[in-house]
Amino acid sequence: MTRRLPRILCTVATHLLPASRRSWADGMIAELSYADDDRAALRFASGCLLAAVRERARDADTHIMAGLWTIAVATAFYAVVQLSCAVRGVAVLLGARDGMRDALLRHGASSTVIASYEAARPAVVGCFLALGIAQLATAWFLSRGQVRPFATAWCIALMIAGVAVAIQLSIIPASAGVPSEFHALLMQAVAVPALLVWLHRRQHHLRER
Amino acid sequence: MRQRCPSPQTILVLRALLVRSGDWRYGYDLSKEIGLQSGTLYPVLMRLADKGLLESAWHDSDRPGAPPRHAYRLTQTGVAFALASTDATVSVQGGNKPMPA
C-alpha cells in the first residue's frame with residue numbers, strides 16, 4: 001500500500017472543510033508524511049475526512065445555504081406547478097377540454113358564472129405564466145443568496161398571486177369542491193418569510209456558539 | 001453565555017497539552033499519544049483554537065524533504081482553563097468535595 005489513498009482522503013477533507021479552516025486542512029495533509037506506516041497514515045487520513053465532514057456539518061454558512069436551497073427547491077417546485085397550469089390553460093385557449101369548466105358545471109354554476117369564467121380565462125392563464133416565472137426568479141435569487149433581488153421577485157410573485165386569487169374569487173366564490181389558489185398563496189406568503197426568519201435566527205445562534 | 005463543561009475527549013487533549021505546555025505539539029503525535037482518532041482530535045483542537053485557548057504555528061521540519069508541520073500549544077488562557085477543567089474533572093471523578101478554609 002502506498003500513501004496515495006491517504007493523500008486522496010486528506011485532499012477530499014481539504015475541500016470539505018470550510019475556507020476558514022484552510023490552515024487546519026494543510027496541517028492534516030502535512031502530518032501524513034510523519035505517519036509511522038501506511039496503515040497508520042490511512043487511519044489518520046480517514047479520521048481527517050471524518051473531522052472535515054463534522055466541521056462542514058457544524059458550519060453556520062453551510063446550514064444557511066442548505067436552508068436557502070431547501071426553500072428555493074420548494075419554490076421552484078411551486079413555480080413548475082404554476083407553469084404547468086399555464087401550459088394547460090394555453091391548451092384550453094387553443095381548444096382543449098377544460099376540466100375546471102366541467103367542475104363548475106358539475107357544481108351547478110350558472111351560465112353567467114361560466115361566461116365570466118371563460119372571459120377571464122386569458123387573464124388567469126397570463127397570471128399563472130407570470131407567477132411561474134416570478135417564482136422561478138425567486139428560487140434562483142434565493143439559491144444564490146441574493147437577498148434584494150429575491151425580495152423583489154418574491155413581492156412581484158405575491159402580487160401576481162394576489163391578482164390571480166382576486167380574479168378567481170370574483171368569478172367563483174370559494175366553495176367545497178371548487179379548487180382555489182387561496183390556501184396555497186396564504187401558505188407561501190407566510191411560510192417563506194417564516195422560514196427565512198427561522199434561518200436567520202439559527203445562523204445567529206450558530207455564530208454565537 | 002453559559003460555559004459548557006468540556007467533553008471527556010477535550011479533557012484528554014487538555015491534559016496532554018498541559019504536560020509540556022510551553023512546547024509546540026503536532027497533530028499526529030498528539031493523536032498517537034492520547035490514543036484519540038484524528039477525526040475526534042482535530043475538531044477538539046479547532047474548538048479550543050476558536051475559543052482562544054490554543055495557538056497554532058507552522059514549523060519547518062527537521063527531516064530533510066518533509067513538509068512544514070502545523071504545531072499547537074495552549075495559550076496562557078488555555079493553560080488556566082486546562083488547569084481548572086482537569087482539576088474539576090479529578091474532583092468529580094474522585095468524589096472530592098472542596099475543603100473549607
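When region A:85-123 is filtered for residues that are under 15 Å from A:ILE167 (Cβ atoms) and surrounded by fewer than 13 Cβ atoms within 10 Å (Cβ to Cβ), the ones remaining, listed by number, are A:ALA115, A:ALA119, A:PRO122, A:ALA123. Note on region A:1-115: enclosed helices (runs of 4 or more DSSP H) holding 1 or more residues that are under 30 Å from A:ILE133 (Cα atoms) and either of a type in the set (S, T, N, Q) or within 12 Å of another protein chain (Cβ to nearest Cβ) (or both) are A:60-93.
Would you please name the residue that is nearest to the other protein chains (Cβ to nearest Cβ), looking only at residues in region B:65-76 that are in contact with a strand residue (DSSP E or B) (Cβ under 7 Å, 6 or more places away or on another chain) and over 14 Å from B:LEU17 (Cβ atoms)? Only one residue tops the list, namely B:HIS70. A:ALA134 meets the stated requirement of being assigned by TED's automatic domain parsing to the domain that holds A:VAL90, within 21 Å of A:VAL90 (Cα to Cα) and either surrounded by 19 or more Cβ atoms within 10 Å (Cβ to Cβ) or among the hydroxyl-bearing types (Ser, Thr, Tyr) (or both). Checking each residue in region A:59-101 for being over 15 Å from the mean Cα position of the chain (by Cα) and closer than 30 Å to A:VAL12 by Cα picks out A:ASP59, A:ALA60, A:ASP61, A:THR62.
Among the candidates B:ASP50, B:ASP62, B:ASP23, the residue that is surrounded by fewer than 20 Cβ atoms within 10 Å (Cβ to Cβ), at pLDDT 90 or above and either within 14 Å of another protein chain (Cβ to nearest Cβ) or closer than 17 Å to A:ASP26 by Cβ (or both) is uniquely B:ASP50.
For region A:29-58, a residue qualifies if it is under 36 Å from the mean Cα position of the chain (by Cα) and crowded, with 21+ Cβ neighbours inside 10 Å, and the qualifying residues are A:ALA45, A:GLY47, A:CYS48, A:LEU49, A:ALA51, A:ALA52, A:GLU55.
The values are calculated or read from the model by the stated rules, or taken from the named source; none is laboratory data. What you see is a predicted model, and the numbers here were worked out from it, not measured in a lab. Because the Cβ atoms are built from the backbone with ideal geometry, glycine has one as well, and the counts that use them run over all protein chains shown.
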